[in-house]
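Step one of this worksheet: look at the structure below.
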Amino acid sequence: MRPIGVFGGTFDPIHLGHLRPVLETCDALDLREVRIVPCGEPPHRGAAHAPAALRRRLVEAAIVGETRFVLDARELERPGPHYTVDTLAAMRAEFGAATPLVLLIGADAFAALDRWHRWQELIELAHFAVLLRPGAALPNAGPVAALLGERRVDRAAPLAQQPAGSIWLQPVTQLPISSSQLRELLARGVSVRYLVPDAVWELLRSAPEYRG
């Protein structure tokens, strides 16, 4: 059974540094689709700069033409705070106990996994695909390093054969773009074209939420 990927973020705004690694992982693991999940109220950081409705529109614009990418707005449609464990549990209930789910997560976020809410339950709900940009460091001590040592796989096959429980390390292209950098440029009136998909740029040009 081809797995379903899950990729969450504030996406404030979404950019090519988000999308290219997800596409590479989708191809490498032959994912059926990737659910792009804009965060509602992330408990570990402050409120998003732009409102949920705009961030949703930006994600919709960003993924036009890539049929394997699917906007999943469930966190925007229910009150928060929103935790990844609850989102994965909802997806598990929706897609069934046998469907492989793969949580796509950056190496920095993975290294801090033990700070996440009910973090030890996540690996029972989904596989992990840890996105490794060049030079990214993985934890070599502590509970997350122990989990990596226990659950890492060197073949992609287990991610399709089991619904959850494995950790796959996925090298990805480094595109050093950040949403905070884009917000700073936009606030100064600087173009961010070619850092975001063209359709996203068209929306950002007329979005007062990102102006200084």
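The values are calculated or read from the model by the stated rules, or taken from the named source; none is laboratory data. These figures come from a predicted structure and were not determined experimentally. Reconstructed Cβ throughout: ideal geometry from the backbone, glycine too, with neighbour counts over all protein chains shown. SASA here: full protein model, heavy atoms, side chains in, ligands and nucleic acids out. Shrake-Rupley method; radii C 1.70, N 1.55, O 1.52, S 1.80 Å.
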- In the range 79-105, what residues are touching a residue at least 40 places away in the same chain (Cβ under 8 Å) and either open to solvent by less than 20 Å² (accessible area, probe 1.4 Å) or among the polar types (S, T, N, Q) (or both)? H82, T84, V85, T87, L88, M91, T99, P100, L101, V102, L103, L104
- Given the range 1-72, what strands (runs of 3 or more DSSP E) lie entirely inside it while holding 2 or more residues that are in contact with a Ser or Thr (Cβ under 9 Å, 6 or more places away or on another chain)? 4-9, 33-38
- Just checking, which of R152, R133, R115, R188 is surrounded by 14 or more Cβ atoms within 10 Å (Cβ to Cβ), at pLDDT 95 or above and among the charged types (D, E, K, R)? R152
- Message: When you scan the range 109-117, do you find a residue that is more than 30 Å from G135 (Cα to Cα), among the aliphatic types (A, V, I, L, M) and without any contact (Cβ under 8 Å) to a residue 24 or more places away in the chain, even just one?
- Response: no
- Would you say E41 is modelled with pLDDT under 95, under 29 Å from A97 (Cβ atoms), open to solvent by 30 Å² or more (accessible area, probe 1.4 Å) and not basic (K, R)? yes
- Task: Give the number of residues within the range 131-162 that are of a type in the set (D, E) and either closer than 16 Å to I105 by Cβ or assigned to a helix (DSSP H, G or I) (or both).
- Result: 1
- Task: From (1) at pLDDT 95 or above; (2) not in a helix (DSSP H, G or I), pick out the condition that doesn't hold for R92.
- Result: (2)
- Task: Give the residue, chosen from I123, I167, that is buried (at least 18 other Cβ atoms within 10 Å of the Cβ), touching a His at 6+ places or on another chain (Cβ under 8 Å) and either of a type in the set (V, I, T) or farther than 25 Å from L23 by Cβ (or both).
- Result: I167
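Just to be sure, is A28 closer than 21 Å to L169 by Cα, in contact (Cβ under 8 Å) with a residue 12 or more places away in the chain and open to solvent by 50 Å² or more (accessible area, probe 1.4 Å)?
Numbers: closer than 21 Å to L169 by Cα: yes; in contact (Cβ under 8 Å) with a residue 12 or more places away in the chain: yes; open to solvent by 50 Å² or more (accessible area, probe 1.4 Å): yes.
Here the answer is yes, as A28 does meet what is asked.
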- Item | Selection from the range 115-130 of residues that are part of a helix (DSSP H, G or I) and either touching a strand residue (DSSP E or B) at 6+ places or on another chain (Cβ under 9 Å) or more than 18 Å from A164 (Cα to Cα) (or both) | R115, L122, I123, L125
- Failed condition for T173, given (1) open to solvent by less than 30 Å² (accessible area, probe 1.4 Å); (2) within 19 Å of the chain's Cα centre (by Cα): (1)
